[in-house]
Amino acid sequence: MSFFRDLWILTILDFKRYYTWSERIVFDVLLSIIGFLSFVLVWQAVFKGGFEGIGPLTKDNFIVFILSGSIVWEFISVNLTGDGIWAFIREKYQGTLPYLLVSPANKLAFVYSKVMINLFKILINVILSLFVAFVFFDINFNGSILLAIFSLLLIFVTFSGIGIVIASLGAWREGIANVSFVLGSILYLVSGVYYPIEIFPETMQKIFFVLPTTQSINLLREIVINNASFLNVFPILSYLLIWGIALIILGLIIFKKLEKKISLLGI
Amino acid sequence: MGIIKIKEVSKSFRDKSQEILDRKNDKAKFKFLKYITYRKLVKALNCVTFSVNKGEIFGLLGPNGAGKTTLSKMIVGLLKPDKGRVLVFDKQGDDINKESRRFNVVFARANLFYELSGRENLEFYSKLYGIKNYKKKIQRWIEIFEVDKKAESKTYTYSTGEAMRFKIIKALLNQPELLVLDEPTIGLDVNMAIKIRELLKQLNKKYNVTIFLTTHYMEEADYLCDRVAILNKGKILKIGTAKEIKGLLRKNKIVEVQIKNFNSLVLKKIKDSGYVKDLEFIGVEEKIRVILKLTAKVEDFITFLHKNNLKVSSINVEEPSLADAYLYLTGQELVSDELL
């Protein structure tokens, strides 16, 4: 009987720890709905005759389609769910934060340093994915490699603002860092990483289309599938740049506010 | 010249345990509003004023929760006061961090990176502080602190004392003009604690390093500090040299008495005798240390014990120590030096 009693006590404990931030419940519910919906729509499209003709996807370009989606997602998720968002929280719990904050180290460099190590990891992942794609599949990349690299860097910088926002807010309320995982999962499902967003109902498509995550994926696909030039993708680049500037400014404002809050309330 | 100037500093924190109590007791309809209304502020520091001069060793003595760490955090720029000013090298607020190369800190409750070895930690901080020839300097400190055998091990394998030694080395790496030490000898064995005290004294003498230290240990404050401040419940009760503070009790007699068959009734009888200002237990329960009132005579107190059939095994009349002065000022004990 002690097993069941302990199981009950430990389950309640984990429940309390997991739902320390009530907003997380909203995101969890949203994720279940969207997760289920997207899988139903994917299989619906499959049974209706496949993805052929839905969005930019064809039988010939599906590997590049998937590869470009996953590469862009790596650059986005490094900021959204990577180590950066735990920058303050981890150091806070390990008790290493006071020494770092007292030191002459630039505090923003400290947050970005956590992202950089993940960036290094995803660069290796991207190289390995490309290697596997070239060795095992007969794929052709069109478009400018330089423009593709420039776009990926822009995507990384654009979303680094979100990373700073989450890291800063997460240091204040850890639940926010947890929610970023759920938020990341939702964006992953609605931004067309592995399937075209055209499988969603029209109203939802309009919402998902304006998301910077969707536009980032579109940007790389335009370059590597449709051989788009700099001028062709200029509107998307500008759109992402505006998002990037806005998010970084927001990130820095929240970061400064966090610094002030820490200095008033302590670590 | 004051390197640290604390001017009428007050700081309050919200007491979370109090929030929970209030929420449980709250019968109001709008609990959310009550939750905010009832969050109580606890004063960690209350109009604290003092300054630390260049080249001085200044000790802040106080029990847990007195506000020592709060004050240390303010000095290194980690916390801002609600009221008043904290000036370090004549800088305040965010500007304190701009002087971070001129000071360093040891917090008893902060850690080094556990995934790295002690040496790697020290190398990391050396680079961060821009220290030249840091490898040689690190090696020298490692030898002085006798942690060479542990230098290559990950810090999670360290004992409290070993970790503290590495933290102190970290704080010495940038040759700071000001060293802020929050309970630097806590958890160290007696020999190492003595060695560190000696080292701090040497650093102070040789390099004129100003040291601000908080401690539980009277012996430490007495030995090391040029001046001591007694902090209790966020208020400074007294500032002065150890001699001056002990002088507060010069006219009070301290008597150590060992009584057979000691119990709570006996204790009450002694407390209510009219001779006693304060008392504390020493080691075993039968032994008590009594501070007599200014008007009381030792002979009268002994007569009182005999008249009340209290069997005295031993009795000692002593000069007041810093611990007695502390007890006199705050009405409570600190951690005994015997625990060191």
Worksheet item: Which whole-number percentage describes the relative contact order of the stretch B:203-262, with Cα contacts under 8 Å and a sequence gap of 6 or more?
Response: 18
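Order of B:Thr155, B:Thr215, B:Thr295 from fewest to most other C-beta atoms within 10 Å? List each step's numbers first, then the result.
On the way: B:Thr155 21, B:Thr215 25, B:Thr295 10.
Going from least to most buried by this count: B:Thr295, B:Thr155, B:Thr215.
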Item to complete: Determine the dipole magnitude for chain A: charges of +1 sit on the beta-carbon of Lys and Arg, -1 on that of Asp and Glu, nothing else is charged, the reference point is the Cα centre, and the result goes in debye to the nearest 20.
Response: 900
Discussion item. Longer than 25 Å from Cα to Cα, which of B:Lys54/B:Lys253; B:Lys73/B:Lys137; B:Lys5/B:Lys238 are they? Say none if no pair is.
Written reply: B:Lys54/B:Lys253; B:Lys73/B:Lys137
Practice prompt. Convert each backbone phi in the stretch A:211-221 into a coupling constant with the Karplus relation 6.51 cos²θ - 1.76 cosθ + 1.60 (shift: θ = phi - 60°), then list the ³J(HN,Hα) values in order as whole Hz, x for Gly and Pro.
Written response: 5, x, 5, 4, 5, 5, 5, 4, 4, 5, 5
Worksheet item: Rounded to a whole number of µm²/s, how large is the Stokes-Einstein D of the stretch B:191-325 at 20 °C and 1.002 mPa s, given Rh as the Kirkwood radius over C-alpha pairs?
Response: 126
Response to the item:
Net charge near A:Gly82 (other residues with Cβ under 9 Å of its Cβ; Lys, Arg +1; Asp, Glu -1) is +1
Worksheet item: Among B:Val106, B:Val266, B:Val147, whose mean-square fluctuation peaks in a Gaussian network model of chain B (Cα, cutoff 10 Å)?
Response: B:Val266
Item to complete: Using Cα positions and a limit of under 18 Å, work out the lysines in reach of A:Lys257, with same-chain residues fewer than 8 apart set aside.
Response: A:Lys92, A:Lys107, B:Lys80
Worksheet item: How do A:Asp138, A:Asp14 rank when sorted from fewest to most other Cβ atoms within 10 Å of their own Cβ?
Response: A:Asp138, A:Asp14
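Stick to the Cα atoms of the protein assembly as shown, pair each with every other, and give me the Kirkwood hydrodynamic radius in Å at one decimal.
Details: mean 1/r = 0.0343 Å⁻¹.
Value: 29.2 Å, from the Cα pair sum.
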Discussion item. Suppose each label sits 7 Å from its Cα in the direction of the beta carbon; what would the B:Asn46-B:Lys201 distance come out to in nanometres?
Written reply: 3.6
Worksheet item: Once amide H atoms are placed 1.01 Å from N in the peptide plane, what residues at a sequence separation of 5 or more from B:Lys238, or on another chain, have their amide H within under 5 Å of its amide H?
Response: B:Ile230
Item to complete: When a/c is below 1.5 the answer is rounded, else prolate if a/b is larger than b/c, else oblate, so apply that to the stretch A:110-212 with a ≥ b ≥ c taken from the square roots of the Cα gyration tensor eigenvalues.
Response: oblate
Discussion item. Taking a ≥ b ≥ c as the square roots of the Cα gyration tensor eigenvalues, with a/c under 1.5 meaning rounded and otherwise prolate when a/b beats b/c, else oblate, which class fits the stretch A:2-265?
Written reply: oblate
Response to the item:
Once phi for every residue in the stretch B:70-87 is put through the Karplus expression 6.51 cos²θ - 1.76 cosθ + 1.60 (θ = phi - 60°), the whole-Hz ³J(HN,Hα) values, with Gly and Pro written as x, are 4, 5, 4, 5, 5, 5, 8, x, 7, 9, 10, x, 6, 9, x, 9, 10, 10
Practice prompt. Give A:Lys260/B:Lys246; B:Lys149/B:Lys206; B:Lys150/B:Lys235; A:Lys16/B:Lys83; B:Lys11/B:Lys271; B:Lys201/B:Lys297 a once-over and call out the pairs whose C-alpha atoms are over 32 Å from each other.
Written response: A:Lys260/B:Lys246; B:Lys150/B:Lys235; A:Lys16/B:Lys83; B:Lys11/B:Lys271; B:Lys201/B:Lys297
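Over the Cα atoms of the stretch A:43-91, what is the Rg over Rh ratio if Rh follows Kirkwood? Mind showing how you got there, number by number?
Working: Rg = 16.9 Å, Rh = 13.3 Å.
Rounded to two decimals, Rg over Rh is 1.27.
Rounded to the nearest 500, what is the protein assembly as shown's calculated 222 nm mean residue ellipticity when only DSSP H runs of at least 4 contribute -39500 (n - 2.57) each, over all residues? Each step should come with its number before you reach the end.
Details: 24 runs with 329 residues, N = 607.
Calculated at 222 nm, the ellipticity per residue is -17500 deg cm²/dmol.
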Item to complete: Using only the Cα atoms of the stretch B:107-222, build the gyration tensor, take square roots of its eigenvalues as a ≥ b ≥ c, and label the shape rounded, prolate or oblate: rounded if a/c is under 1.5, else prolate if a/b is larger than b/c, else oblate.
Response: oblate
Item to complete: Place a +1 charge on the Cβ of each Lys and Arg in the protein assembly as shown and a -1 charge on the Cβ of each Asp and Glu, then give the dipole magnitude about the Cα centre in debye, rounded to the nearest 20.
Response: 2120
Discussion item. For chain A, take the longest principal axis of its alpha carbons; what is the angle in degrees between that and the long axis of helix A:145-172, to the nearest 10 within 0 to 90?
Written reply: 20
Worksheet item: Semi-axes, largest first, in whole Å: what does sqrt of 5 times each Cα gyration tensor eigenvalue give for chain B?
Response: 39, 28, 21
Practice prompt. Find the relative contact order for the stretch A:2-265 and round it to a whole percent, using C-alpha pairs within less than 8 Å whose residues are 6+ positions apart.
Written response: 31
Discussion item. Please report the net charge: other residues with Cβ closer than 15 Å to the Cβ of A:Asn218, K and R +1, D and E -1.
Written reply: 0
Discussion item. Based only on other Cβ atoms within 10 Å, what is the fewest-to-most ordering of B:Tyr207, B:Tyr326?
Written reply: B:Tyr207, B:Tyr326
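Every number in this text was worked out from the coordinates using simple rules, so none of it is lab data. Keep in mind it's a predicted model, so treat the numbers as computed, not measured. Positions of Cβ are backbone-derived with ideal geometry, glycine not excepted, and every protein chain shown enters the neighbour counts.
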